[in-house]
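Peer 1: Sharing a structure here in C-alpha cells format.
The values are calculated or read from the model by the stated rules, or taken from the named source; none is laboratory data. Please read these numbers as outputs of a predicted model, since none were measured by experiment. Methodologically, a virtual Cβ is constructed for each residue, glycine included, from the backbone with ideal geometry; neighbour enumeration extends over all protein chains shown. Surface accessibility is based on the protein's heavy atoms, side chains included, excluding ligands, DNA and RNA. Shrake-Rupley method; radii C 1.70, N 1.55, O 1.52, S 1.80 Å.
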Amino acid sequence: MDDAFAAPADAPWQRLPTALAWYRRLVTSAACLAVGGGGVLLLLLWGQPLLAGVWAGLLLVAAVVLWFLAGRFQRSWGYAEASAELYLTYGVLVRQLVVVPYGRMQVVDVTADLLEQALGIATVRVRTAASTADTRVVGLPLADAVQLRDRLAARSESFSTGL
C-alpha cells in the first residue's frame, strides 16, 4: 500500500509544520463550541436539561476526537516537486495522491485567512484547466508559501503545453 503513495524517485516528501494541526484544532474547537453552546442553550430553553447535558457530552467527545485527528491530518500532508510534476499526498481515512504536471498549471496563488495569518501560515492553491484538478498545499509558513508559489509559477511557464 505504501508504494502506491510513495514520493517520486527524484524528490522526497516535504512535510507540513505543526501549525497546520493547531489551525485545525482551533477551527474544530470553535465549531464544537458554537454548535454545543447553541444546542445546550436551545435545549435548556425548551426545558430539557438532561438532553442538554447529553448534547454537551457528545460535543465534548467530538471535540476531543477532532483534536487528536488534527495531528494525524497534519502528518498525512506532504508535497514533492519532481522534475516535471507536483506531487501532493494527504488523507487520514482516505489517502490520496495527486499529480499535477507543471505544464497544466494555469494559476498559482497564495491565500491566508485571519487565523492562518495569526499562525503565520498560508495556503498555496494550484489551478488547472480541469476544474477537478485544483490542488492546494495548506499550512505552509508564509515565506515558504511565497517561494513555492514563485517556483511553481516559473515551472508552469517553462513547461507550458500551449493550451
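Peer 1: For the list (1) touching a Cys at 6+ places or on another chain (Cβ under 9 Å); (2) not in a helix (DSSP H, G or I), I need the number of the one condition that V107 fails.
Peer 2: Against the list (1) touching a Cys at 6+ places or on another chain (Cβ under 9 Å); (2) not in a helix (DSSP H, G or I), V107 comes up short only on (1).
Peer 1: Moving to a separate point now. So, of the residues in the stretch 15-32 that are among the hydrophobic types (A, V, I, L, M, F, W, C) and touching a helix residue (DSSP H, G or I) at 6+ places or on another chain (Cβ under 8 Å), which turns out to be most open to solvent (accessible area, probe 1.4 Å)? Before the answer, list the steps.
Peer 2: Step one: list which residues in the stretch 15-32 are among the hydrophobic types (A, V, I, L, M, F, W, C), which gives 16, 19-22, 26-27, 30-32.
So of that shortlist, the ones also touching a helix residue (DSSP H, G or I) at 6+ places or on another chain (Cβ under 8 Å) come out as 16, 19-22, 26-27, 32.
Working: L16: 10, A19: 23, L20: 6, A21: 4, W22: 115, L26: 82, V27: 68, C32: 20 Å².
Applying the filter and picking the extreme gives W22.
Peer 1: Of all residues in the stretch 101-143, count the ones that are in contact with a Pro (Cβ under 9 Å, 6 or more places away or on another chain) and more than 14 Å from E85 (Cα to Cα). Full working, then the answer.
Peer 2: As a first pass, look at the stretch 101-143 and keep what is in contact with a Pro (Cβ under 9 Å, 6 or more places away or on another chain): 120-122, 128, 139-141.
If we keep only those that are more than 14 Å from E85 (Cα to Cα) as well, we get 120-122, 139-141.
The number of residues fulfilling the criteria is 6.
Peer 1: What are the residues in the stretch 38-52 that are loosely packed, with under 13 Cβ neighbours inside 10 Å and either part of a helix (DSSP H, G or I) or among the acidic types (D, E) (or both), if any? Walk me through it before giving the result.
Peer 2: Within the stretch 38-52, the subset loosely packed, with under 13 Cβ neighbours inside 10 Å is 38, 41, 45-47, 49-50.
G38, L41, L45, P49, L50, listed by residue number.
Peer 1: Restricting to the stretch 76-101, and then to whatever is open to solvent by 20 Å² or more (accessible area, probe 1.4 Å) and of a type in the set (A, V, I, L, M, F, W, C), can you tell me which residue is farthest from P8 (Cα to Cα)?
Peer 2: If we take residues in the stretch 76-101 being open to solvent by 20 Å² or more (accessible area, probe 1.4 Å) and of a type in the set (A, V, I, L, M, F, W, C), then L93 is farthest from P8 (Cα to Cα).
Peer 1: Could you tell me whether any residue of the stretch 2-9 is open to solvent by 90 Å² or more (accessible area, probe 1.4 Å), assigned to a loop (DSSP other than H, G, I, E, B) and within 26 Å of R149 (Cβ to Cβ)?
Peer 2: Checked the stretch 2-9: at least one residue is open to solvent by 90 Å² or more (accessible area, probe 1.4 Å), assigned to a loop (DSSP other than H, G, I, E, B) and within 26 Å of R149 (Cβ to Cβ).
Peer 1: Within the bounds of the stretch 41-54, is there any residue that is more than 20 Å from the chain's Cα centre (by Cα), at positive phi and not aromatic (F, W, Y)?
Peer 2: Initially, the stretch 41-54 is screened for residues more than 20 Å from the chain's Cα centre (by Cα), giving 41-54.
Right, trim to at positive phi and you get 47.
After this cut, where a residue has to be not aromatic (F, W, Y) as well, the list is 47.
Yes: the stretch 41-54 contains one or more residues that are more than 20 Å from the chain's Cα centre (by Cα), at positive phi and not aromatic (F, W, Y).
Peer 1: Please determine whether any residue of the stretch 53-75 is open to solvent by less than 80 Å² (accessible area, probe 1.4 Å), of a type outside the set (G, A, S), farther than 30 Å from Q147 by Cβ and touching a helix residue (DSSP H, G or I) at 6+ places or on another chain (Cβ under 7 Å).
Peer 2: Here is the first cut: in the stretch 53-75, the residues open to solvent by less than 80 Å² (accessible area, probe 1.4 Å) are 53, 56-57, 59, 62-66, 69-71, 73-74.
Remaining after also requiring of a type outside the set (G, A, S): 59, 64-66, 69, 73-74.
From what is left, the residues that are farther than 30 Å from Q147 by Cβ are 59, 64-66.
Next, from what is left, pick out any that are touching a helix residue (DSSP H, G or I) at 6+ places or on another chain (Cβ under 7 Å): 59, 66.
Yes: the stretch 53-75 contains one or more residues that are open to solvent by less than 80 Å² (accessible area, probe 1.4 Å), of a type outside the set (G, A, S), farther than 30 Å from Q147 by Cβ and touching a helix residue (DSSP H, G or I) at 6+ places or on another chain (Cβ under 7 Å).
Peer 1: Do you know which of the residues in the stretch 107-122 that are touching a Lys or Arg at 6+ places or on another chain (Cβ under 7 Å) and among the hydrophobic types (A, V, I, L, M, F, W, C) is most open to solvent (accessible area, probe 1.4 Å)?
Peer 2: V107
Peer 1: Right, another one. For the stretch 131-153, give me each residue that is open to solvent by 50 Å² or more (accessible area, probe 1.4 Å) and modelled with pLDDT under 90.
Peer 2: Across the stretch 131-153, the qualifying residues are S131, T132, D134.
Peer 1: A follow-up question, please. Return a yes/no flag: does the stretch 85-94 have any residue that is under 12 Å from the mean Cα position of the chain (by Cα), assigned to a loop (DSSP other than H, G, I, E, B) and closer than 23 Å to T18 by Cα. Write out each step before concluding.
Peer 2: To start, the set of residues in the stretch 85-94 that are under 12 Å from the mean Cα position of the chain (by Cα) comprises 88-92.
From what's left, assigned to a loop (DSSP other than H, G, I, E, B): 91-92.
Of the ones still in play, those that are also closer than 23 Å to T18 by Cα are 91-92.
Checking the stretch 85-94: at least one residue is under 12 Å from the mean Cα position of the chain (by Cα), assigned to a loop (DSSP other than H, G, I, E, B) and closer than 23 Å to T18 by Cα.
Peer 1: Next question. Taking the options R104, R125, name whichever one is over 20 Å from A19 (Cβ atoms), free of Cβ contacts under 8 Å to residues at least 60 places away in the same chain and open to solvent by 60 Å² or more (accessible area, probe 1.4 Å). Walk me through it before giving the result.
Peer 2: Values: R125 fails: over 20 Å from A19 (Cβ atoms).
The conditions single out R104.
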